[in-house]
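See structure below.
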Amino acid sequence: MRSRPVLVGAALGAALLLSIVVAVTIGPANITFGEVWGSIGSHLGLGNSPLPVLRDGIVWELRLPRVLTAAAVGAGLAIAGAVMQAITRNPLADPYLLGLSSGASLGAVSVVLLGASVVLPLAAFLGAMVALLLTLLLASSLGAITPTRTVLAGLAVSSLASAITSLIIFWTATGDSYREILGWLLGSLAGARWPAVAIAVVALVVAGIPIMLTGRVLDAFAFGDVSAAALGINVPATRWGLLAATALLTGAMVSVSGSIGFVGLILPHGVRLLVGPAHRALLPLSALVGAIFLLWADTAARSLFDPRELPVGIVTAIIGAPLFAFLLGRRRSAT
Amino acid sequence: MSLDASRIRITAGQKLIIDGVDCSVPAGSVSALVGPNGAGKSTLLRTLAAVHRPDAGTVSFDGADLFATPRRERARIVAFVEQDTSTDTAMSVRAVVGLGRLPHEGVWSGGSTAAVDAALETTGTAAFADREFATLSGGERQRVLLARALAQEPSLLLLDEPTNHLDIGAQLTALTLLRTLSAGGMTVLAALHDLGLAATYAEHVIVLSAGKVVAAGPTAQTLTPELLRAVYGVQATVLVNPVTGGRVLAFSPLD
């Protein structure tokens, strides 16, 4: 019983490593597998790069940071979704559907225009937190907080935040504002360089790891607040602490990738089918699956329609939206 | 180790639900909390379990103020079985019972499986320990939630309508089990709407009506025809069960 999650985890960890190794060699520049890893090796202090400077830059400055950012963002969004589903007892909860991603985009865009991009993740976190509070406030003003009401409230908040984001970019943009708006609203990793890797990985360590340690506590939330309190859990502190951590994680990820949908919603459900609902296994495994999924979704987004590039959010939505519809259908038959 | 509550007052919004209640549950006994629908039984029980802080008043067990006791420590002393717990978790029965070990676990150390096995055994749920909780019948779920409470290894056990969803055989089994637990030293308080079961199985009763304790004490002396007439508006007659020799209540409408 106990060894199954460990086995699955080991397999997924190996798959993630393999995915990174392969994905950096895929791209329009026709660089061979050996050349790619020769180049990466040279930057890690192993020999000389087999590539001329320009092509070496494609590998080290563009592809590798982009692949690593995709993996970290996917992991972060999947953890955020799994936690929100547990803590709100809502199988439809996810940072994108509840408006956190749009709120984070708005926060990020606001400070980009002020030129203060060092505080970008922080502003995105504040945007995510405000959006989450608005969503929960709106949902509770409609009566008892149900999953469907929460999603509808999230839709309202997210539409407003997206509209304001677009407005700000239109008002102030100097370059291609359409492309920039698409990047924030649909999510794109096209701009991911090493600073993006740093932001996403630091967020995973600072917010993701503490969240993963609360796995057992999240299990207790399955039976409601009274049950959790009777088992010795400080329910309000745990709930708000975890929601804040989720907003931090989402904010950091959105600040480097824009709002990518459905990763947080779909993948935890898939992992539950694989290893069951215990969060001690669910959280780390969701992170691994999220990393692999977004890495390949982004690889598809940048290479399928070469030389054009899709915002990665289109790929995740094409895969995720039908699964979301399926989840809705299953809920109806359950109630 | 008795449970003592004094001057409990609970409001919900502007509405006063519990109005200055004093009550105590003698150590190692099974006591029943009875009263008409809407009397405030569930509300009072949540406060006695130290899950819901009252607007005023104190709850103490074995002399220690429960609301001043650290949460995890408190959850090793008091266990609470709710009425009608809804969940859509896919957890197995064993995992659900394992949640009862949470107050005993550290961040890294796993729970003791011995206490979980014992709780499954005691409640007769071991046979379906590997089934998914959501697939069980109402009565089976009730027993699993009792097993979860027992896995906490509590000294005080509070239950809200533990016989709901149970057929008559299972009701008697459940209440007999509560008697066995109390004989082992556990202090048990159950909210029961079935006065017949309360009269047969509880040694003490607390009668709640409109947010106030109107009577409390040993069952036979407390659940009198006069009191039941005043509280429930029914005619009660005390009979003797020809098989067990115990008290039985028969009810008829007032004329």
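Each value in this text was obtained by applying a stated rule to the coordinates, not by laboratory testing. In this text the structure is predicted, and so the values were computed from the model without any measurement. Glycine also receives a Cβ, built like all others from the backbone with ideal geometry; neighbour counts cover every protein chain displayed.
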* 4 °C / 1.567 mPa s Stokes-Einstein diffusion coefficient of chain A, Kirkwood radius on C-alpha pairs, µm²/s -> 64
* Structure fact -> Counting other chain Cβ atoms within 10 Å of each Cβ in B:63-71 and taking the mean gives 1
* Structure fact -> Expressed in angstrom and rounded, the centroid-to-centroid distance over alpha carbons for the stretch A:1-71 and the stretch A:257-300 is 20
* Packing-wise, with mean Cβ within 10 Å as the measure, how do A:74-82, A:125-133, B:129-137, B:98-106 rank, highest first? -> A:74-82, A:125-133, B:98-106, B:129-137
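Mean Kyte-Doolittle hydropathy of -0.5 or higher plus an axial Cα length of 24 Å or more: which whole DSSP H helices in chain A meet both?
On the way: long enough: A:3-23 (29 Å, 1.94); A:64-87 (35 Å, 1.57); A:120-141 (31 Å, 2.17); A:147-172 (37 Å, 1.30); A:235-257 (32 Å, 1.18); A:279-303 (36 Å, 0.97); A:312-334 (33 Å, 1.23).
Within chain A the helices that satisfy the rule are A:3-23, A:64-87, A:120-141, A:147-172, A:235-257, A:279-303, A:312-334.
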* To do: Using packing as a proxy for protection, rank B:112-118, A:227-233 so that the peptide with the highest average count of other Cβ atoms within 10 Å comes first.
  => A:227-233, B:112-118
* To do: Between A:Gly320, A:Gly99, A:Gly34, find the one with the highest GNM mean-square fluctuation for chain A; connect C-alpha pairs within less than 10 Å.
  => A:Gly34
* Which value in nm describes the separation of the simple spin-label points at A:Leu328 and A:Tyr178, placed 7 Å from the Cα toward the beta carbon? -> 2.9
* Structure fact -> With +1 at each Lys and Arg Cβ and -1 at each Asp and Glu Cβ, the charge dipole magnitude of chain A around its Cα centre, to the nearest 20 debye, comes out at 840
* Candidates A:Ala300, A:Ala104, A:Ala237, ranked by Gaussian network fluctuation over chain A, Cα under 10 Å, top entry -> A:Ala237
* To do: Just report the Cα centroid separation between the stretch A:231-246 and the stretch B:78-135, whole Å.
  => 22
* **Mean projected area in nm² (Cα convex hull; one quarter of hull surface) for the protein assembly as shown** => 31.4
* Asked: Of A:Ser286, A:Ala198, A:Val73, whose Cα points farthest to the positive end of the dipole of chain A (charges on the beta-carbon: +1 Lys, Arg; -1 Asp, Glu; origin at the Cα centre)?
  -> A:Ser286
* **Value at 222 nm in deg cm²/dmol, rounded to 500, when DSSP H runs of n ≥ 4 in chain A each add -39,500 (n - 2.57)** => -24000 deg cm²/dmol
* Which residue fluctuates the most in chain B, going by a Gaussian network model with Cα springs under 10 Å, if the choices are B:Ile168, B:Ile206, B:Ile77? -> B:Ile168
* Any chance you could check the Cα centroid distance between the stretch B:179-255 and the stretch A:126-140 for me, in angstrom? => 49
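Calculate for chain B the 222 nm mean residue ellipticity that helices alone would give, adding -39,500 (n - 2.57) per DSSP H run of length 4 or more and normalising by residue count, nearest 500 deg cm²/dmol.
Calculated from helices alone, the mean residue ellipticity at 222 nm is -8500 deg cm²/dmol.
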* Which chymotrypsin sites (Phe, Trp or Tyr not before Pro) from the stretch B:1-105 combine a DSSP loop assignment with at most 13 other Cβ atoms within 10 Å? -> none
